[in-house]
Amino acid sequence: MADREVLSWEQFGVVGRELATEIAADGFHPDLILSIARGGLFVAGALGYALDVKNLHVMNVEFYTGVDQRLDMPAMLPPVPKSVDLEGATVLVADDVADTGATLKLVRDFCSAHVAEVRCAVIYQKPRSEVACEYVWRHTDRWINFPWSTEPPVVQRAARVLDA
């Protein structure tokens, strides 16, 4: 597995605290954390507890369809957060990885028109990411095995295709 980053559940606990410490030390106090489902749900939960932010929102964006396989462009899936819920807020966007950065850019740009300030926090950022996240635990150019996505699903669902 030398060609991959491997993050364990135990390490993830440390990562959450370290990212939160970096955010707090920077003086950034988000009103809400917007997680990008699915991997960002874990990051947002850890940061929410560590930063004492109870206002967590979810944005579901589909981009990856398999290992290093993705759609041409990321697509927001319903329900999309209402802009009135974000109006004037200081927002921390949380995700597990900034790979190409396309998903983070879509979410950050969506927020930018409505919020006072938006910053991004990720566990990993890859060199090709078009978004330079403000808070990054580690930089890598390798594929990442996250503890929540390494094992195959217990139930296999039929592939779903987005309407173009």
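The values are calculated or read from the model by the stated rules, or taken from the named source; none is laboratory data. Just so we're clear, the structure is a prediction, and the values are computed from it rather than from any experiment. Backbone-built Cβ (ideal geometry, glycine too); neighbour counts: all protein chains shown. For the accessible areas, the whole protein counts, side chains as well, though only heavy atoms, and no ligand, DNA or RNA atoms are used. Shrake-Rupley method; radii C 1.70, N 1.55, O 1.52, S 1.80 Å.
Odds and ends about this structure:
- The single condition among (1) at pLDDT 85 or above; (2) within 29 Å of THR150 (Cβ to Cβ) that VAL61 does not satisfy is (1).
- Some residue of region 12-35 being touching a residue at least 60 places away in the same chain (Cβ under 8 Å) and basic (Lys, Arg): no
- Counting only residues that are surrounded by fewer than 16 Cβ atoms within 10 Å (Cβ to Cβ), modelled with pLDDT of 95 or more and not polar (S, T, N, Q), region 19-53 holds 10 of them.
- Elements of type strands (runs of 3 or more DSSP E) in region 68-156, at least 3 residues being open to solvent by less than 50 Å² (accessible area, probe 1.4 Å): 69-77, 90-98, 117-125
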